[in-house]
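Enquirer: Here you go, one structure.
The values are calculated or read from the model by the stated rules, or taken from the named source; none is laboratory data. Bear in mind that the values here come from a model prediction, so they are computed numbers and not experimental data. Cβ placement follows ideal geometry from the backbone for every residue including glycine, while neighbour counts extend to all protein chains displayed. Keep in mind that these areas ignore ligands, DNA and RNA; they rest on the heavy atoms of the full protein, side chains included. Shrake-Rupley method; radii C 1.70, N 1.55, O 1.52, S 1.80 Å.
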Amino acid sequence: MKSLFAAGLLTLASCESNLDTINENPNDQASIDPKNLLTYVEKYTFQVNGDNMYASRMMIGTDGENSYQYMKWNDTSFEVYTKGLLNTGKMMQEAEKRGNKNYLAIGKFLRAYHFFNISLKVGSAPYSEAAKGESGITQPKYDTQEAIMSGILSELKEANDLINTTDKIEGDIVYNGDALKWKKLINSFRLKILITLSKKTTVGSYNIAAEFASIAGSQSLMTSIADNGELKFADAADSRYTMFNNSGYGSSLYMADYFINIFKDRHDPRLFTFAAQTTGAKEAGKAITDYTGYNGGNPTSPYSDNAALITAKNISKVNDRFYKDPTNEPASVLSYSELEFILAEATARGWISGSAKTHYDNAIKASFNFYQTYVKNPGQYFSGFDVNQYLATPLVVYNDADPLQTQLEKIMTQKYMTMFHQAQWTSYFDYLRTGFPNYPLKAGVAAPFRFRYPQSEYNYNSNNLKAALTAQYGGNDNISSKPWWLQ
């Protein structure tokens, strides 16, 4: 436990991307076993992000104005540089000392994952000089978004080449040391990056469609939910479900009508795993599987209007399993279901050959398999349900001959339906990229394209930040500035 404590110390003395204080920490051990660092970073990385649930029109608040629900957010945080990337870098250093290529490969995946999300949130960011305080770089330069995306694609390519079945992977709470599953996640994530850049033709030296086809045609990819890049929770200290005992979930958080109605319109029983019946439905003795017993609040209405629905006993809370069950379902950063939706989209766009319908159907089946596997007592929700009949219903059935926009709407809507408490901000970024599903917005309030840079960067790295702002957005750091990936 001593070395794990030292790993935690790396997160305490932080000036966001200003990392010099950490490297002078007298309590930091000279050597930390990479297995302990891997456990620490996996726990940090594979968590649920509740803020996206508001922005993606899945949940609403009723006790005050939530900035994400009303699309009014401002700064993001760069804590990932210390809690995620610094610890990942240390793990990779220790792995090099031991000659273990698998920790290096996993480290490259973790770097790619975090830099991908940082850049999607803000645009340009410290990358090539980030987390290098030990080398004397305490004010890292900002790399362009294109350079970051190209760089992480190269890191993942290197990770795929490094991963092997010889070097042991200990401390792995995601795949329990299974190198092949890591290889599948690494390559599947390469496809996620490329499909996210669908508005672009090239990124760095990569032709996006050609690189996608090459990876999809020649590399190991996820083939079932057993390959999901996910964290399974345990009923033990620091290992419980992210939202366990969350007071807001037990009191003021309710379902958004936009999200609920998508399921009601399709008679999709996954709804019952996400939402609770309205109080009125419970008092009337309606069956859990009666779709009329579920209702949401309007995410664009004043929170006081939605609070009135509570008094009327006509609004569904979030299913209590999300805050009462310490283990609950695993949290994914990339699932087999999401991969199949990615392949469906790439097929619809003509990047790869085959049937988009096949991938789309596989994705939906995988999602139902996930919930039937991990939700407690699934029979109460899914008894009598036939997924093949569901796939043939008018609002769900897929036609490879439909126009691209029609195909994209089907894919993105169903993909969105799989992401309640999953995949962090993916559903919102997909919406920005494709326009689907068509989120309701309050008149005069546009969906933000990005977050503002954190105040700490203005305090400690202002010259590099201001240069990046000028190059990207004409010096304007606001949420309506459109980053490179969306242009």
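Enquirer: By its C-alpha gyration tensor, with a ≥ b ≥ c as the square roots of the eigenvalues, how is region 83-138 shaped: rounded for a/c under 1.5, else prolate for a/b larger than b/c, else oblate?
Expert: Oblate, because a/c is 1.5 or more while a/b does not exceed b/c.
Enquirer: With +1 assigned to the C-beta of every Lys and Arg and -1 to the C-beta of every Asp and Glu, and no other charges, what is the dipole magnitude of the chain about the Cα centre in debye, to the nearest 20?
Expert: Roughly 440 debye for the chain.
Enquirer: Rank these by accessible area, largest first, 1.4 Å probe: SER188, SER251.
Expert: Numbers: SER188 0, SER251 65 Å².
The ranking, largest first, comes out as SER251, SER188.
Enquirer: With a ≥ b ≥ c the root eigenvalues of the C-alpha gyration tensor of region 365-454, is it rounded (a/c under 1.5), prolate (a/b larger than b/c) or oblate?
Expert: Oblate, because a/c is 1.5 or more while a/b does not exceed b/c.
Enquirer: While we're on this one: Rank by packing, highest mean first: peptides 457-464, 142-149, with packing defined as the count of other Cβ atoms within 10 Å averaged across residues. Let's see the in-between values first.
Expert: Values: 457-464: 16.6, 142-149: 23.0.
Highest to lowest by the protection proxy: 142-149, 457-464.
Enquirer: Within 10 Å, count the other beta carbons around each residue, average over each peptide in 168-180, 261-273, and list them highest first.
Expert: Per-residue Cβ counts within 10 Å, averaged per peptide and sorted highest first, yield 261-273, 168-180.
Enquirer: With a probe of 1.4 Å, find how much accessible area region 248-327 has per residue, and write the answer as a whole number in Å².
Expert: 38
Enquirer: Something else about it: Along the charge dipole of the chain, Cβ charges K/R +1 and D/E -1, which of ASN207, ASN228, PHE341 sits furthest on the positive end?
Expert: PHE341
Enquirer: Going by average Cβ density within 10 Å per residue, which order do the peptides 382-395, 352-365, 127-140 take, highest to lowest?
Expert: Answer by packing, highest mean first, reads 352-365, 127-140, 382-395.
Enquirer: Still on this structure: How high is the FRET efficiency between ASN314 and ASP402 when r is their beta carbon distance and R₀ equals 51 Å, given to the nearest 0.05?
Expert: 0.90
Enquirer: If you add up the charges near PHE244, with Lys and Arg at +1 and Asp and Glu at -1, over every other residue whose beta carbon is less than 15 angstrom from its beta carbon, what do you get?
Expert: Working: positive: LYS43, LYS232, ARG240, ARG321, LYS324, LYS376; negative: ASP235, ASP238, ASP320, ASP325, GLU329.
Neighbourhood net charge equals +1.
Enquirer: Which pairs, out of LYS192/LYS365; LYS168/LYS415; LYS313/LYS442; LYS43/LYS132, put more than 28 Å between their alpha-carbon atoms?
Expert: LYS168/LYS415
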